[in-house]
Amino acid sequence: MNLNESTAHELLGLIKEKKTTPEAVHISVKKAIELHDPKVKAYVRVDHDKARPTSRANGKFPIPIAIKDNICIKGREVTCCSRILEGFKPPYNATVIEKILEAEGILIGQANMDEFAFGSSTENSVFGPTRNPWNTKCVPGGSSGGSAAAVAAHEAIWALGSDTGGSIRQPASFCGIVGLKPTYGRVSRYGLIAFASSLDQIGPLTKDVTDNALLLNIIAGHDHRDSTSVNVPVPDYTKSLTKDLKGLKIGIPKEYFIEGLDPEVKFAITAAIELLKKSGVTFKEISLPHTEYAVATYYILATAEASSNLARFDGVQFGQRFQPAAPRKTPIVDMYEETRDRGFGKEAKRRILLGTYSLSSGYYEAYYLRAQKVRTLIKNDFDLAFSELDAILTPTSPTTAFKIGEKSDNPLAMYLSDIYTISANLAGIPAISIPCGFSKDGLPIGLQILAKPFAEEMIFRIAYSYEQSTDWYKRKAPLN
Amino acid sequence: MNQTNQQKGKTVFSDQDVNYLGRLARIYLSQEEIVSLTKNLGGILQYIEKLEKLNVSGIQPTSHVLPLQNVYREDQVLPSLSQEDVMKMAVSPHHGFFKVPQVIE
């Protein structure tokens, strides 16, 4: 097997046994990028020169990693795949980047994404769409589509993404890999260019569950520079993997198995439930009664926060500035309006305007405040469910990967593809997507496991047990 | 925004509304964009109106999922970004200031 097709834990073993070197791994990944990325387009920037490993001390992880283009790396261009940030070079590293560098991780490149993470398909990128390694006519999901495709195409050993409404889990599902949205506050957001600050969370995209636990070990922890990061001890997440599942109780919310769920996805999830029963898990049908309101709630709160966060892109402090050819209003207002017109893409404008609307005078209570109250109801549904359950199991997405262009003219249809992932962000709870089968067309299907806040160990334990009793995660994308 | 736009509980979204939002958000919108956004945003707002079905009286809003409290500590002077580093990002720096087009006519 080629080195780039291995997992990080396999490679670390080989490096330790002196059967390979970090340099050989790096070269193998570099070759894969050269070979496949012209087709997949997972990366927007590849930087091999600054990526050479320095040492191979014990406890270090000299493994090539792809970084979503909304995480700040000191001195390198970071754009959120938006024209407005073209040329922006952050003067500091995000906390997760500091932690990756301390672990001697190799920053091989920055991965494509929907502009400012606004999307579920990676089509809303100023650099053009990324393609799904399982079928290059299909989207890789989004918004962390570049990160997911890079891992699935073995153009990275693992990757970081961010998840505001499903942006790690849905692309992981579409690309047949493992993606975790940690508990809100588990990973520092310092240096993550903000979309919706009360929902955003950075997380790992990996080839298997063990790697996911390893990468979370590296990036998790309290950070005084992020006032919403939580001071809860970070366990060694790999320790929980091999605990058996006897006696665990998992809920199946009936609201997730409704019209719109692809029969092939439903079949795969049902088969996964049967398999987990053999490991001693008891399943119970439950109700999360406010599920149908999650998408509407999310698109009020997330766009309101986005409209406020993106106000900083005004042509003064960072990125690009444009002035109209002929004056319209005053010189400064013309500059603001032209910069933001030409700097932002279609979906970014749509979301800024929607958020501006729900925060505007006369509409604030009817939209924003009401949505915050519904958020409470959605969170209460989960609190109640977890009072008697260890986890909840659902599909990650109602369908497999859709075709490029299929939903790009219908924003509402695109928003509804996040219907199963959004609630975890509203409730702040951790959730993972792991491969659980393939459609007849050979597209991956993802299984989502959710647990109470800071119960990532429980999620990894269930995910690992399921993964080890299947071989879905071993399949390789055909790249055609 | 036009208060007469509320008809039979359905939000009717007009070109003028979108134009006004563009002004609030400081985004210039072409006529073509206004027409397409009016349609898109109107459809999304109609979907969002399903929240009106819920009774939320007595429910506390959630702005944040964590039970965070104020953290008090002694004031400490720690290193931070230098002015020079910050100004490197500026679109049009001028002697340590951000230069912008004329503000007052």
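In plain terms, the bigger the Kirkwood radius, the slower the diffusion; for the stretch A:198-335, with that radius from Cα pairs, at 20 °C and 1.002 mPa s, Stokes-Einstein puts D at 103 µm²/s.
Couplings for the stretch A:292-300, taken from phi via the Karplus curve 6.51 cos²θ - 1.76 cosθ + 1.60 with θ = phi - 60°, read 5, 9, 5, 5, 5, 4, 4, 6, 7 Hz in order; Gly and Pro are left as x. Taking R0 as 22 Å, what FRET efficiency do you get between A:Ser361 and B:Asp15 from their Cβ-Cβ distance, rounded to the nearest 0.05? Approximately 0.65, to the nearest 0.05. Only DSSP H runs of four or more residues enter the estimate; each adds -39500 (n - 2.57), and after division by the residues of the protein assembly as shown the mean residue ellipticity at 222 nm equals -10500 deg cm²/dmol. Take the stretch B:34-79 with all the other protein chains still there, run a 1.4 Å probe, and you get 73 Å² of accessible area per residue.
Taken across both chains, chains B and A shield about 5500 Å² of accessible surface from a 1.4 Å probe.
Highest mean packing comes first when the peptides A:115-122, A:100-107 are listed by Cβ atoms within 10 Å, giving A:115-122, A:100-107. Accessible surface area normalised per residue over the stretch A:174-301 is 35 Å², counting heavy atoms of protein chains with a 1.4 Å rolling probe.
Our estimate of slack between A:His224 and A:Thr282, defined as 0.36 nm per intervening residue step minus the Cα-Cα distance, is 16.8 nm. Applying 1/(1 + (r/R0)^6) with R0 = 30 Å to the Cβ-Cβ distance of A:Met1 and A:Glu274 gives a FRET efficiency near 0.45. Protection proxy ranking of A:260-271, B:53-64, by the mean of other Cβ atoms within 10 Å over each peptide's residues and highest first, is A:260-271, B:53-64. Loop-located GluC sites (Glu not before Pro) in the stretch A:338-394 (DSSP state other than H, G, I, E, B) with a sparse environment of at most 10 neighbouring Cβ atoms within 10 Å: A:Glu388. Between A:Ile108 and A:Ile65, the built amide H atoms are under 5 Å apart, and every one of these is 5 or more places off in sequence or on another chain. Amide H contacts of A:Leu288 (H built 1.01 Å from N, in plane; Pro and chain starts excluded): A:Lys254, A:Glu255 sit under 5 Å, all sequence-distant by 5 or more or on other chains. Mean partner shielding of peptide A:368-379, defined as the number of other chain Cβ atoms within 10 Å of each residue Cβ, is 5. Around the Cα centre of the stretch A:282-354, unit charges on the Cβ atoms of Lys, Arg, Asp and Glu (plus for the first two, minus for the last two) sum to a dipole of about 220 debye. Stretching A:Ser308 away from A:Leu384 to a fully extended chain increases their span by 24.1 nm, per 0.36 nm per residue minus the current alpha-carbon distance. Calculate the tail of P(r) for the stretch A:42-177: the fraction of all Cα-Cα distances greater than 17 Å, expressed in %. Here the tail beyond 17 Å accounts for 54 percent of pairs.
Rounded to the nearest 10 degrees, the inclination of helix B:15-24 to the longest alpha-carbon principal axis of chain B is 20 degrees. Taking only the alpha carbons of the stretch A:185-247, we obtain Rg and Dmax values of 13.6, 42 Å in that order. Scanning residues 5 or more positions from A:Gly437 or on other chains, those with amide H under 5 Å from its amide H are A:Ile445, with H placed 1.01 Å from N in the peptide plane. With a 10 Å cut-off around each Cβ of B:50-59, the average count of Cβ atoms from other chains is 5. Remark: the stretch B:80-93, residue by residue, has Karplus-estimated 3J(HN,Hα) of 9, 5, 7, 4, 4, 5, 5, 5, 4, 7, 5, 5, 9, x Hz, where x stands for each Gly or Pro and the curve is 6.51 cos²θ - 1.76 cosθ + 1.60 at θ = phi - 60°. Rounded to the nearest 20, the Cβ-based charge dipole of chain A about its Cα centre (Lys and Arg +1, Asp and Glu -1) stands at 500 debye. Applying Stokes-Einstein at 20 °C and 1.002 mPa s to the Kirkwood radius of the stretch A:102-207, computed over alpha-carbon pairs, gives a translational diffusion coefficient of 161 µm² s⁻¹. Using the Karplus relation 6.51 cos²θ - 1.76 cosθ + 1.60 with θ = phi - 60°, the per-residue 3J(HN,Hα) values for the stretch A:127-143 come to 8, x, x, 8, 10, 6, x, 7, 6, 6, 7, 9, 6, x, x, x, 8 Hz, with x marking Gly and Pro.
Taken along its three principal axes, the alpha carbon spread of chain B comes to 58, 45, 23 Å, from the longest extent down to the shortest. Other protein chain C-beta atoms within 10 Å of residue C-beta, averaged over B:99-105: 5.
Between the C-alpha center of the stretch A:1-31 and that of the stretch A:129-173 there is a gap of 22 Å. Highest mean packing comes first when the peptides A:318-328, A:32-42 are listed by Cβ atoms within 10 Å, giving A:32-42, A:318-328. Averaging over all projection directions, the Cα-based convex hull of chain A occupies 22.0 nm² in the image plane.
The values are calculated or read from the model by the stated rules, or taken from the named source; none is laboratory data. Keep in mind that this is a model prediction, so the values were computed, not measured. Here Cβ is always computed from backbone atoms with ideal geometry, including for glycine, and neighbour counts include all displayed protein chains. Side chains included, ligands, DNA and RNA excluded: accessible areas come from the protein's heavy atoms. Shrake-Rupley method; radii C 1.70, N 1.55, O 1.52, S 1.80 Å.
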